[in-house]
Amino acid sequence: MNPYLDDDLLTLAHHARRFADERIAPGFLERDKTRVLDRRLMREMGEMGFIAPELPERFSGQGTGCLAAGVIHEEIARADLSMSYINLLASLNGQILAHHGRPEVVQPWLEKLTRGEALFAIALTEPRGGSDAAQLRLRVERVGDEYVINGEKTSISAADQADAIVVFGRTGTVDSGAHGVTALLVPADVPGLTRSRFDCHGQRAIGRGSLFFENVRIPVDHRLGEENKGFVQVMQGFDFSRALIGLQVLAVARAALDETWAYVAEREAFGKPLSAFQGVSHPLAEYDTQVEAARLLCLQTLWLKDKGAPHSAEAAMCKWWGPKLAYDAIHQCLLLSGHGGYDRGLMEQRLRDVLGFQLGDGTAQIMKTVIARARAGRAAVPA
């Protein structure tokens, strides 16, 4: 019995898994080859209410809470991590728009987002560095009733497929650090914005790439939050996405473990099933234990968020531990699958997909610093 999931959430998870098994899983390998998200499936997810259900009804959501978003998220990820990026980006950007945008500007976008008609990206990372986000160089200057954007963002998920982007740029001086950053809502079809795509190791259907801004003009009313305070205000939303990322990668690991348990119970060697050998079953048992524990931590973090309780340290734990554990568990499953696991297929793609989260959205070192500051105090763990 899971203490965080009541009957309603379990029923929701069941519906999400059935949809993921029937509609998303069959195209998993093909989307990795074509490197294109299926927009038809995205709209179906919207019709089912599977995209950003935690948003209030006044912002086109269902007001279900963050745990509901989490159980949907992990079921979609279990079938295809790249497709679950739709949920991740929608929940992160949806929170930013709903809390910090002008209703008359963001409402049409939120309606498209929850219906699965618009894919959002978030542009924070720059070529000079990713984790030191307070030192952004992309320049945003106010000219009358517009902001003019110049610079580059890189390693942006869905860079070349997004319909709109939440962009962080510097409106203050470089010395002002995080207190000189402003967030803007930028439609992807604006003049002066060009995009590229990388040939990444994994997560190929969602993709990553660069954004180049050359005198891009955005109305002032597209600002999200206050000028020079965008980074400080919006960073709170990353605690939510870090817990979702933990569930996302652990769902992939759980799928790999389930398949490997079944495989080693059926495959025989020396007259016994492989599972009879402790060198096979004990590593699986260890990873099964750790994955279950990490999943409970992620659910607890979302439960804390729904309760309005502090959860930054727990979210950081989810973000550094989840991706590393998932990668290690899937790697073990691949090895136990023998030559079949090494062949191009489900297991090796899972391994490639989860690896990216050890790099993006905050490294393990940064997450551990967040935890240390929460435990010892910021003064004891300076930047």
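General remarks:
- Among (1) assigned to a loop (DSSP other than H, G, I, E, B); (2) more than 21 Å from Ser196 (Cβ to Cβ); (3) in contact with a strand residue (DSSP E or B) (Cβ under 9 Å, 6 or more places away or on another chain), the one test that Val106 misses: (1)
- Condition check for Gly63: without any contact (Cβ under 8 Å) to a residue 12 or more places away in the chain, surrounded by fewer than 22 Cβ atoms within 10 Å (Cβ to Cβ) and of a type in the set (Gly, Ala, Ser): yes
- Which listed residue is on the phi < 0 side of the Ramachandran plot, touching a residue at least 12 places away in the same chain (Cβ under 8 Å) and not charged (D, E, K, R), from Ala269, Ala316, Ala285, Ala276: Ala316
- So Glu104, is it within 30 Å of Ala178 (Cβ to Cβ), outside the structural domain of Val354 (by TED's automatic domain parsing) and in contact with a Cys (Cβ under 6 Å, 6 or more places away or on another chain): no
- Meets criteria (assigned by TED's automatic domain parsing to the domain that holds Val36 and surrounded by 23 or more Cβ atoms within 10 Å (Cβ to Cβ)) for Leu113: yes
- Any strands (runs of 3 or more DSSP E) falling wholly within the stretch 138-232 and containing at least 1 residues that are free of Cβ contacts under 8 Å to residues at least 60 places away in the same chain and among the β-branched types (Val, Ile, Thr): 139-143, 146-157, 164-170, 181-187, 193-195
- Residues (surrounded by 24 or more Cβ atoms within 10 Å (Cβ to Cβ) and either over 18 Å from Gly322 (Cβ atoms) or of a type in the set (Phe, Trp, Tyr) (or both)) located in the stretch 86-95: Ile86, Ala90, Asn93, Gly94
Every residue, every condition in (1) touching a residue at least 60 places away in the same chain (Cβ under 8 Å); (2) buried (at least 21 other Cβ atoms within 10 Å of the Cβ); (3) in the same structural domain as Asp160 (by TED's automatic domain parsing), yes or no:
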| position | (1), (2), (3) |
| --- | --- |
| Leu29 | yes, no, no |
| Ala52 | yes, yes, no |
| Phe59 | no, yes, no |
| Ala77 | yes, yes, no |
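Here is a yes/no grid of residues against (1) basic (Lys, Arg); (2) surrounded by fewer than 18 Cβ atoms within 10 Å (Cβ to Cβ); (3) closer than 15 Å to His311 by Cβ; (4) touching a Gly at 6+ places or on another chain (Cβ under 9 Å):
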residue	(1), (2), (3), (4)
Asp239	no, no, yes, no
Val252	no, no, no, no
Ala255	no, no, no, no
Leu274	no, no, no, no
Glu286	no, yes, no, no
Leu299	no, no, yes, yes
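- Test: Leu55 is within 29 Å of Asp160 (Cβ to Cβ) and either among the polar types (S, T, N, Q) or at pLDDT 90 or above (or both): yes
- Among residues of the stretch 328-383 being outside any helix (DSSP H, G or I) and of a type in the set (Asp, Glu), the one that is nearest to Val249 (Cα to Cα) is Asp361.
- Residue list for the stretch 297-327, restricted to those being touching a Lys or Arg at 6+ places or on another chain (Cβ under 8 Å) and in a loop (DSSP other than H, G, I, E, B): His311
The values are calculated or read from the model by the stated rules, or taken from the named source; none is laboratory data. Source: prediction; values computed, not measured. All Cβ positions, even for glycine, are placed from backbone atoms using ideal geometry, and neighbour counts span all protein chains on display.
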